Amino acid sequence: MNPHALSILLSSLAVGTITTLSSSHWFLAWAGLEINTLAIIPLMTKMHHPRATESATKYFLTQAAASALILFSTITNAWTTGEWTIITMNDNTSTFMLTIALAIKLGIAPFHLWLPDVMQGLSLTTCLILATWQKLAPMSLMIMTGHQLNTNLLITMAVLSTVVGGWGGLNQTQMRKMMAYSSIAHLGWMTLILSFSPNLTTLNLMIYLMLTSSMFLMMTTLNSTNINKLSTSWLKTPLLASSMMITLMALGGLPPTSGFLPKWLILQEMTKQHLGAVSTLMAMSALLSLFFYLRLSYAISLTTTPNTSNSNMTWRMTNNQMQILPTMITLTTMMLPITPTLLAMLN
């Protein structure tokens, strides 16, 4: 892609997200979401492959439907209450439609079916943008309106997302689809705690962005798009393969990695709210996700590929553009000891 066109598209992505984050009026927030959607579609189709075109078409249709529903819900709210500001969604019908629209935007179950198919048709770099940056604007709207949304609906979607995210990833061999189901499961945890502690939702979102970014950067460095390619990564770069194994454990929420922190705090808060049954169901559904993370870890570290390498220096890195990767891996694995500091910053 032309560097000038790429810079314009990436700048438009940033402008759309920042517009939504900084707006207090619904129309401006909606415009930011539209800029975001239109800016990423050329990035999706830059591979000139029918699968990429199919992914871009599916993404455009679902995002356009969600944007129309957001606009309809805000107009309905303005009609009944006379208010256009984001924090004054007082009409029950409007808040219900808004919750559904933001769930479609984010890919929260049961509105998740577009996400695995779209991500499978994209390059790893575009998948990284879709799984991280594109979640910021809709999630910020959800956090801003969280105190007005229907708690029972959010809890239902959260439990469904963690179950679907764990169950859907079990039988996959493609890394991009696995990361899509991982995203669905993590979004379920964020949705669960939204009504009770928006600060924990923000913390969970930050840690999810770090874990997913480091995972996609490692996949890009190793050029791994399925389990078979992943199993040869130990021959290429043993250090990076072992770091990927630790990142997978962090995505699964095992201590002492950073991924354990949000799950621990969310389950603690849900227990304080006397929602023990929901907490138990969420913890058990997290085991489903952990299983396919362990499966990937097994493929990376404990499986010796039958292929022989033709290179004399298989350990030498060819891609020198990933200077940020060591920082991301460090944050992925070592944030648990600073939990009191993070909690003090959020409260």
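Normalising the average separation of contacting C-alpha pairs (under 8 angstrom, six or more residues apart) by the number of residues puts the relative contact order of the chain at 15 percent. Using a cut-off of 14 Å between beta-carbons, work out the net charge of the residues near Thr37 (Lys and Arg +1, Asp and Glu -1, Thr37 not included). With Lys, Arg at +1 and Asp, Glu at -1, the neighbours total +2. On a per residue basis, the chain carries 44 Å² of accessible surface, using protein heavy atoms and a 1.4 Å probe. For region 113-257, relative contact order (Cα pairs under 8 Å, six or more residues apart, normalised by length) works out to 26 percent. Sorting the segments 258-270, 281-293 by their mean number of nearby beta carbons within 10 angstrom, highest to lowest, gives 258-270, 281-293.
Within the accessible area of region 135-219, the carbon and sulfur atoms contribute 60%, probe 1.4 Å, all protein chains present. Residues with beta-carbon under 12 Å from that of Gly169, excluding Gly169: net charge, scoring Lys, Arg +1 and Asp, Glu -1? That works out to +3.
So what's the net charge close to Trp26: Lys and Arg +1, Asp and Glu -1, counting the other residues with Cβ under 13 Å from its Cβ? Working shown, then result.
Details: positive: none; negative: Glu34, Glu83, Asp91.
Around Trp26, the charge tally is -3.
Sorting 159-166, 202-209 by their mean Cβ neighbour count within 10 Å, with the most densely packed peptide first, gives 159-166, 202-209. Return the FRET efficiency for the residue pair Asn2, Ala344: r is the Cβ-Cβ distance, R0 is 51 Å, and the value is rounded to the nearest 0.05. Computed FRET efficiency for Asn2 and Ala344 comes out at 0.65. Using C-alpha pairs below 8 Å separated by at least 6 residues, the relative contact order for region 60-194 is 26 percent. Shape summary: the chain maps onto an equivalent ellipsoid whose semi-axes, from the alpha-carbon gyration tensor, are 34, 25, 17 Å in decreasing order.
For region 225-273, which whole-number percentage of the solvent-accessible area (1.4 Å probe, protein heavy atoms only) is attributable to carbon and sulfur atoms? Don't jump to the answer; show the numbers that get you there.
Numbers: 1350 of 1980 Å².
The value for region 225-273 is 68 percent carbon and sulfur by accessible area.
The values are calculated or read from the model by the stated rules, or taken from the named source; none is laboratory data. The shown structure was predicted, so the numbers you read here are calculated from the model rather than taken from an experiment. Counting neighbours? That spans all protein chains shown, and the Cβs are built from the backbone with ideal geometry, glycine included. Note: accessible area is taken over every heavy atom of the protein model, side chains too, but ligands, DNA and RNA are not part of it. Shrake-Rupley method; radii C 1.70, N 1.55, O 1.52, S 1.80 Å.
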